[in-house]
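Novice: This is the structure I want to talk about, given as structure tokens.
Laboratory data are not the source of any read-out in this text; all were calculated from the coordinates shown. Since the model is a prediction, treat every value here as computed from it, not as a measurement. FYI the Cβ positions are ideal-geometry reconstructions off the backbone, even for glycines, and counts take in every protein chain you see.
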Amino acid sequence: MKPFALLTPDALAATATPVQAQNSWVKALESIEVFGIPVGVFAIPAIPLVFIALYALYVGVYGERKISAFIQDRIGPNETGKWGLLQTIADILKLIQKEDIVPAAADKPLFVLGPLIIFVGAFAAYAVLPFSSEFIGADLNVGVFYAVSIVSVEAVGILMCGWGSNNKWSLFGAVRSVAQVVSYEIPASIAILVGVMMAGSLSMQKIVMSQSGELGILHYAVFQSPVAWIAMIIYFIAALAECNRAPFDIPEAESELVSGYFTEYGGMKFAMIFLAEYASMFMTSVILSVLFLGGWNSPLPNIGGLALNDWTSGPVWGAFWIILKGFFFVIVMMWVRWTFPRFRVDQLMYLCWKVLTPIALLVFVFAAFWELYVR
Amino acid sequence: MAETLDYTPKTRLSQVSSNEYIVEKDLETEYMTLNMGPQHPATHGVLRVELVTDGEVVMKATPYMGYLHRCFEKHAEALDYQQVIPYTDRMDYLSAMNTEHAYVMAVEKLLNIEVPRRVEFMRVIVAELQRIASHQVAIATYGLDIGAFTPFLHIMRDREHILTLLEWLCGARMLYNYIWVGGVSHNFPPKFKQRVAEFVKYYKPKVDEMMALLTENELFIERTRGIGILPADVAINYGCSGPMLRGSGVKWDLRKNDPYSIYPELEFNVVVPDGKLSIIGDSLSRHLVRCYEIYESLKIIQQCIDKMPEDPNFDPHAAVPKRIKPPAGEVYARGENPRGEVGFYVIADGKGTKPFRCKARAACFVNLSVLPELAKGNLISDVVAILGSIDIVLGEVDR
């Protein structure tokens with residue numbers, strides 16, 4: 001018997017969700033018009049935006065504080081509201097109240113535009129994130145490619161921030177950051193290609209659909225090939241570096257570069273950078289789950305009459321699963337951040353070019369052969 | 001730095017040391033002057049280091065100090081001998097007990113006072129507790145410099161126990177004024193010894209945990225191993241002392257080599273790196289020395305608790321002179337502080353109750369002078385790692 005006989009493409013095709021039922025929520029929204037103004041079209045990008053705001057508030061601010069407090073044997077915020085739940089509101093109020101300072105020697109246009117570009121770069125990738133089988137901002141047939149490329153715009157914003165601040169430390173942070181983001185896109189992209197190759201499509205929805213089936217978790221790409229898990233880990237490491245999260249937080253290295261490229265920022269401009277960081281964390285987590293962990297598919301299998309998979313599938317369940325998977329990796333990122341020290345800038349480059357990139361290439365070649373001759 | 005270094009292929013990350021950057025000979029690059037401090041988070045206070053950098057490689061590092069200068073020595077000339085003690089607290093505010101001890105020894109030497117034996121035990125217990133607390137801060141902030149935030153808070157949690165003990169003892173948490181000339185300010189409260197013993201028992205596994213979390217972390221080792229190597233001869237020439245000198249493999253500890261108080265009666269080891277995990281003299285060695293010295297201090301405290309003579313009617317002020325008016329003379333007394341040798345050179349003119357001159361030899365000040373030597377040719381991140389491993393307290397550097 002061939003290994004993974006149950007998981008052959010034929011078996012997948014038989015169980016895949018019919019294509020015509022896709023994206024019905026988006027289509028419904030698109031058709032809403034008020035006095036000839038397509039209100040629904042504006043609502044589509046607003047949904048991820050509201051989601052980012054809520055998520056950054058509650059997972060980003062409150063969750064990170066509480067998780068770090070748990071790891072560090074502290075209590076964390078507990079004074080503002082019940083269990084400190086109002087802490088995020090207090091933080092936001094503080095940031096809004098702050099004077100909007102632009103340093104006298106700063107390059108004003110760059111300084112002001114920088115955070116906006118960083119945020120736009122992170123937010124634009126949400127257009128292709130499949131939040132559910134029925135909701136995706138834009139079901140592009142090159143969705144993954146779009147996501148990878150639009151995130152690179154962040155590097156421009158970071159450089160603008162660093163240069164515009166007219167601060168040597170910020171400049172160091174920006175230069176480090178750009179070098180890091182640009183290098184880590186290579187292993188990340190190769191790892192993404194492994195996932196894309198296994199699904200045979202660049203469209204996010206098609207990648208997810210190729211992993212659905214009534215055996216739940218066993219249909220996920222990570223279990224379809226003996227090297228997929230390596231690609232997944234490489235992507236996760238590269239994602240940490242791309243989001244500038246510890247142990248790759250070299251651009252903002254608190255103890256070395258004060259705060260790196262956003263040293264001079266305060267108030268809402270700082271909030272934008274902060275929001276972008278959390279937005280890209282969730283974005284990379286979702287891309288990871290889409291490529292390797294089945295996206296919005298339920299992990300539960302059908303066992304005989306116990307149709308757990310059927311019961312936990314559907315558009316609403318899909319949204320639940322993908323947000324759960326996304327949050328899981330966000331929390332792992334926080335866990336990593338509060339455990340490890342920081343890399344040095346040359347060690348980071350060493351890791352990227354001499355460790356991750358060769359391994360990613362090998363994995364890519366092996367996965368290609370596996371796809372051609374085994375699966 | 002503008003020369004090509006020998007290049008041998010490296011197979012592991014840890015083998016690539018930071019000063020192996022190949023700077024091409026015929027390429028001219030512009031140097032940048034970068035001010036690190038006085039408000040930089042990694043300078044542990046108000047130190048300013050002027051860095052001349054070529055990209056990220058530091059060509060020259062010059063420390064500028066004096067931002068926290070408070071004229072300790074001049075103040076001491078205007079104060080009675082006893083009144084100088086609180087000022088010594090404020091020199092190295094993380095190891096106030098040890099500094100007090102050194103100063104008090106100088107005055108006692110001047111007066112030829114014999115201190116009760118129980119007082120000596122009490123002094124050693126508090127001094128070693130303080131040494132642990134001080135090394136804890138050094139290790140914790142070093143982790144912070146490298147980017148590990150969690151060990152910092154774990155260590156601070158445990159340090160709290162020491163501060164609580166010392167607060168119980170004399171009412172102050174950092175600046176104690178506990179060790180007096182000829183005695184101590186308060187006797188140990190009832191059950192204090194048991195509480196200290198409990199702390200020793202509690203803290204040993206916590207040190208192991210801290211070592212597992214921070215010191216044995218691969219990333220931490222990569223960042224500190226082979227960085228800022230200080231050869232033993234350079235260390236001696238610069239006058240380094242404490243973990244700085246022992247990290248370079250020199251077995252020199254004043255508690256052993258110039259014993260004072262009751263240290264000769266106690267059993268403990270002088271910690272020097274064995275070169276297995278670290279390269280002798282690098283930042284990791286200095287860190288390891290501090291880590292293992294905590295174990296030695298715990299050992300010393302345990303022995304002191306066991307050997308300390310019990311006396312229910314003990315008066316810690318029995319040998320305290322009411323008025324200090326020493327005969328003319330000069331004296332130098334030194335003690336092993338957590339950061340190295342702290343000595344007080346006191347001259348008495350025999351006329352009054354104030355010292356004619358009180359010169360402090362500060363360990364941090366001397367240790368810091370090696371920074372330009374160590375920082376040269378390293379990256380900015382490594383300067384942070386080196387500065388952290390020197391473990392300076394600006395209060396003592398500037399006095």
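Novice: Based on the alpha-carbon gyration tensor of segment B:201-309 and its eigenvalue square roots a ≥ b ≥ c, which shape applies: rounded if a/c is under 1.5, prolate if not and a/b is larger than b/c, or oblate?
Specialist: oblate
Novice: Which of the DSSP-defined H helices in chain A satisfy a minimum axial length of 27 Å, computed from C-alpha atoms, and a minimum mean Kyte-Doolittle hydropathy of -0.5?
Specialist: A:168-199, A:267-292, A:315-337
Novice: Report, for the protein assembly as shown, the % of DSSP beta bridges that are antiparallel, rounded to 5.
Specialist: Approximately 100 percent, going by the DSSP bridge assignments.
Novice: Let me ask you something else. With each label point set 7 Å from Cα along the Cα-Cβ vector, what nm distance links A:Val34 and A:Val336?
Specialist: 4.3
Novice: Suppose every K and R has +1 on its Cβ and every D and E has -1 on its Cβ; what is the size of the dipole of the protein assembly as shown about the Cα centre, in Debye to the nearest 20? Can you show the working numbers first?
Specialist: Working: 65 positive and 77 negative charges, 315 e Å.
With Lys and Arg at +1 and Asp and Glu at -1, about 1520 debye.
Novice: Between B:Gln194 and A:Ser149, what is the label-to-label distance in nm when each label sits 7 Å out along the Cα-to-Cβ direction?
Specialist: 7.5
Novice: Let me ask something else. Hey, if you put +1 on the Cβ of every Lys and Arg and -1 on every Asp and Glu Cβ in chain A, which of A:Gly157, A:Val208, A:Leu171 ends up farthest toward the positive end of that dipole?
Specialist: Selected residue: A:Leu171.
Novice: Okay, moving on. Mind jotting down the three principal axis lengths of segment B:115-193 based on Cα atoms? Whole angstrom, largest first.
Specialist: In descending order, the Cα extents are 46, 21, 19 Å.
Novice: Which is farthest toward the positive dipole end of segment B:280-399 among B:Ile386, B:Pro372, B:Pro355, measuring Cα position about the Cα centre, with Cβ charges +1 (Lys, Arg) and -1 (Asp, Glu)?
Specialist: Of the listed residues, the answer is B:Pro355.
Novice: When the helix-only estimate is applied to chain A (DSSP H runs of n ≥ 4, each -39,500 (n - 2.57), divided by the residue count), what is the mean residue ellipticity at 222 nm, nearest 500 deg cm²/dmol? Each step should come with its number before you reach the end.
Specialist: Values: 17 runs with 217 residues, N = 375.
Per the formula, -18500 deg cm²/dmol.
Novice: Rounded, prolate or oblate for segment A:81-202? Axes are the square roots of the Cα gyration tensor eigenvalues, ordered a ≥ b ≥ c, and the cut-off for rounded is a/c under 1.5.
Specialist: oblate
Novice: While we're here: Could you tell me whether segment B:349-399 comes out rounded, prolate or oblate from its Cα gyration tensor? Rule is a ≥ b ≥ c as square roots of the eigenvalues, rounded for a/c under 1.5, then prolate if a/b exceeds b/c, otherwise oblate.
Specialist: Judged from the Cα gyration tensor, segment B:349-399 comes out prolate (a/c at least 1.5, a/b above b/c).
Novice: Please compute, for the alpha-carbon atoms of segment B:167-215, the extent along each of the three principal axes and give them in descending order in Å.
Specialist: The principal-axis extents, from largest down, are 41, 23, 18 Å.
Novice: Magnitude of the Cβ-charge dipole of chain A, K/R +1 and D/E -1, about the Cα centre, nearest 20 debye?
Specialist: Computed charge dipole of chain A: roughly 460 debye.
Novice: Highest mean first, what order results for A:100-107, B:31-38, B:99-106 on Cβ atoms within 10 Å?
Specialist: For the peptides A:100-107, B:31-38, B:99-106, the packing ranking is B:99-106, B:31-38, A:100-107.
Novice: Beyond 18 Å, how much of the Cα-Cα pair distribution for segment A:309-375 remains, as a whole percent?
Specialist: It works out to 69 percent of all Cα pairs.
Novice: Between A:Asp100 and A:Asn141, what is the FRET efficiency for a Förster distance of 35 Å, r being their Cβ-Cβ separation, to the nearest 0.05?
Specialist: Efficiency at R0 = 35 Å is approximately 0.25.
Novice: Show me A:352-365, B:76-89 ranked by packing, highest mean number of other Cβ atoms within 10 Å first.
Specialist: B:76-89, A:352-365
Novice: At 222 nm, what value in deg cm²/dmol follows for chain B if DSSP H runs of at least 4 each add -39500 (n - 2.57) and the sum is divided by all its residues, to the nearest 500?
Specialist: Roughly -13500 deg cm²/dmol at 222 nm, from the helical runs in chain B.
Novice: Charges on Cβ only, +1 for Lys and Arg, -1 for Asp and Glu, centred on the Cα centroid of segment B:62-156; of B:Ala102, B:Ile139, B:Ile113, which one is farthest towards the dipole's positive end?
Specialist: Of the listed residues, the answer is B:Ile139.
Novice: Scale the Cα Rg of chain A by the rule-of-thumb value 2.2 N^0.38 Å and send over the ratio, two decimals.
Specialist: Values: Rg = 21.5 Å, N = 375, 2.2 N^0.38 = 20.9 Å.
Taking the Cα Rg and dividing by 2.2 N^0.38 Å, one obtains 1.03.
Novice: If you take the Cα Rg of segment A:263-343 and divide it by 2.2 N^0.38 Å, with N the number of residues, what do you get? Present the calculation step by step, with values, prior to reporting the outcome.
Specialist: Details: Rg = 17.2 Å, N = 81, 2.2 N^0.38 = 11.7 Å.
It is 1.48.
Novice: To make sure I understand, if each residue's beta carbon is the centre and we count other beta carbons within 10 Å, what order do B:Arg246, A:Arg375 fall in, fewest to most?
Specialist: So the residues, fewest neighbours to most, are A:Arg375, B:Arg246.
Novice: Over 26 Å between Cα atoms: which of B:Lys204/B:Lys307; A:Lys66/A:Lys94; B:Lys109/B:Lys204; A:Lys206/A:Lys354; B:Lys206/B:Lys276; A:Lys66/B:Lys206 fall into that group? Before the final figure, lay out the partial values.
Specialist: On the way: B:Lys204/B:Lys307 20 Å; A:Lys66/A:Lys94 19 Å; B:Lys109/B:Lys204 36 Å; A:Lys206/A:Lys354 33 Å; B:Lys206/B:Lys276 23 Å; A:Lys66/B:Lys206 23 Å.
Where the Cα-Cα span goes over 26 Å, the pairs concerned are B:Lys109/B:Lys204; A:Lys206/A:Lys354.
Novice: A further question follows. Please compute, for peptide A:332-343, the average count of beta-carbon atoms on other protein chains lying within 10 Å of each residue's beta-carbon. Numbers along the way, then the final one.
Specialist: On the way: counts 0, 0, 0, 0, 0, 3, 4, 7, 9, 19, 10, 7.
Across A:332-343, the average partner-chain Cβ count within 10 Å equals 5.
Novice: A further question on this structure: For chain B, what is one quarter of the convex hull surface built on the Cα atoms, given in nm²?
Specialist: Mean projected area of the Cα convex hull: 19.8 nm².
Novice: Using just the C-alpha positions of the protein assembly as shown as equal point scatterers, what log10 of I(q)/I(0) does the Debye formula give at each q in 0.07, 0.09 1/Å?
Specialist: The Cα Debye sum returns log10 ratios of -0.62, -0.92.
Novice: Report the charge-dipole magnitude of chain B in Debye, nearest 20, computed about the Cα centre from +1 at each Lys and Arg Cβ and -1 at each Asp and Glu Cβ.
Specialist: 1420
Novice: In addition: What's the extension gain from A:Val355 to A:Asp107 if we count 0.36 nm per residue and subtract their Cα-Cα distance? Walk me through the intermediate numbers first.
Specialist: On the way: separation 248, 0.36 × 248 = 89.28 nm, distance 3.84 nm.
Result for the pair: 85.4 nm of gain on full extension.
Novice: Could you give me the radius of gyration and the Dmax of segment A:141-185, taking only the C-alpha atoms into account and expressing both in angstrom?
Specialist: Cα only, segment A:141-185: 12.4, 43 Å (Rg, Dmax).
Novice: In degrees between 0 and 90, to the nearest 10, how far off the longest principal axis of chain B does helix B:150-170 point, with axes built from Cα atoms?
Specialist: 10
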